[in-house]
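I have placed the structure first, in the form of structure tokens, so that the comments after it can refer back to it.
The values are calculated or read from the model by the stated rules, or taken from the named source; none is laboratory data. From a predicted model like this one, the values you see are computed outputs, not experimental measurements. Because the Cβ atoms are built from the backbone with ideal geometry, glycine has one as well, and the counts that use them run over all protein chains shown. All accessible areas refer to the heavy atoms of the entire protein, side chains included, with ligands and DNA or RNA removed. Shrake-Rupley method; radii C 1.70, N 1.55, O 1.52, S 1.80 Å.
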Amino acid sequence: MVFLKYPNPGQVKTRLAADIGKERACFIYQALAEQIVRHIFPVKPRTYEVGIFFTPADKEDEIKAWLNPLLSTIPGAYVQFISQEGNDLGDRISHAFKKTLQSYSHGKEDKMSSSRKAIIIGTDCPEIDAELIESAFEVLKEKDVVIGPCKDGGYYLIGMSRHMPDLFTGIDWSTNRVFAQTIEKIQKKNLSCGILKTLADIDRIEDLYGRKDSPLW
């Protein structure tokens, strides 16, 4: 599941926009999102499915017009476009997990439901790719939860094999406490957890300095 917003100046990368302006920050957000979408499809078909969970809900046509030309250049790329639902980020993440993990719980797909796993990523970390996602799914074969921490105290990826809404309540979103608070909840619930390598988000102007691994700069 890829969480993204429609690239509207002033509505994305607001912390970065405070330093470099709304238009430039929006351009960087759009380029980041496109780079991540381009690189997340599995090399081996049917390894996992990709869903674009977008916001705001009334921008579905615009988001499809933005991303479909890119998707058409990727062999075998197929996605579902699904609007995010919920009052805050925690609600939206929880709802996305519930929707995805329960989507195979009826009819002839019922036998698959117990083995279904789901991962959510954002569009702030340029180092996310198919290899990283595949390694996260491997972790979920042995662990209840997998999480990828960010250097700023958040996380760029979280995955699980069953819906656990408690992990997304009472979190101080958009702060440096997100990862620590989530790990605390995981430990209190006695869940097993695999932690991926720490990566850097692009949220502030200092995050742009010295990066040569991306076509954005």
| remark: With R₀ set to 30 angstrom, the calculated FRET efficiency between the beta-carbons of ALA18 and ASP91, to the nearest 0.05, is 0.70
| request: Name the aspartates and glutamates eligible as straight-distance cross-link partners of LYS151: C-alpha to C-alpha under 14 Å, and not fewer than 8 places from it in the same chain. | output: ASP124, GLU127, ASP201, ASP203, GLU206, ASP207
| field | Estimated FRET transfer efficiency (ILE195, ASP129; beta-carbon r; R0 22 Å; 0.05) | value | 0.75
| Zone of GLN80's modelled label, taken as backbone nitrogen in the range 1-32 under 14 Å from a point 7 Å along Cα→Cβ | 1-2
| remark: Taking protein heavy atoms only, a 1.4 Å probe, and rounding to whole percent, the accessible area of the chain owed to carbon and sulfur comes out at 47
| request: Would you please give the FRET efficiency between THR175 and ARG46, computed as 1/(1 + (r/R0)^6) with r the Cβ-Cβ distance and R0 = 41 Å, to the nearest 0.05? | output: 0.60
| Heavy-atom accessible area ranking, 1.4 Å probe, most first, across PHE3, PHE54 | PHE3, PHE54
| said: As a test question: what accessible area, to the nearest 10 Å², does GLU134 have when a 1.4 Å probe is rolled over all protein chains in place? | reply: 60
| query | Once the whole set of protein chains is in place, how much accessible area is left on ASP124, using a 1.4 Å probe, in Å² to the nearest 10? | reply | 40
| task | Given the options ILE186, ILE128, ILE158, state which has the largest fluctuation in a GNM of the chain using a 10 Å cut-off (strictly under) for Cα springs. | result | ILE186
| task | Work out how much length SER72 to GLN11 would gain on full extension: take 0.36 nm times their residue separation and subtract the Cα-Cα distance, in nm to one decimal. | result | 19.3 nm
| field | Taking the chain and dividing mean pair separation by its residue count, relative contact order in percent (alpha carbons under 8 Å, at least six apart) | value | 21
| query | So between LYS151 and GLU184, what do we pick up on full extension, going 0.36 nm a residue minus the alpha carbon distance? | reply | 10.1 nm
| message | Please enumerate, by chain and number, the lysines with C-alpha under 30 Å from the C-alpha of LYS59, excluding those fewer than 8 residues away in the same chain. | response | LYS5, LYS13, LYS22, LYS98, LYS99, LYS117
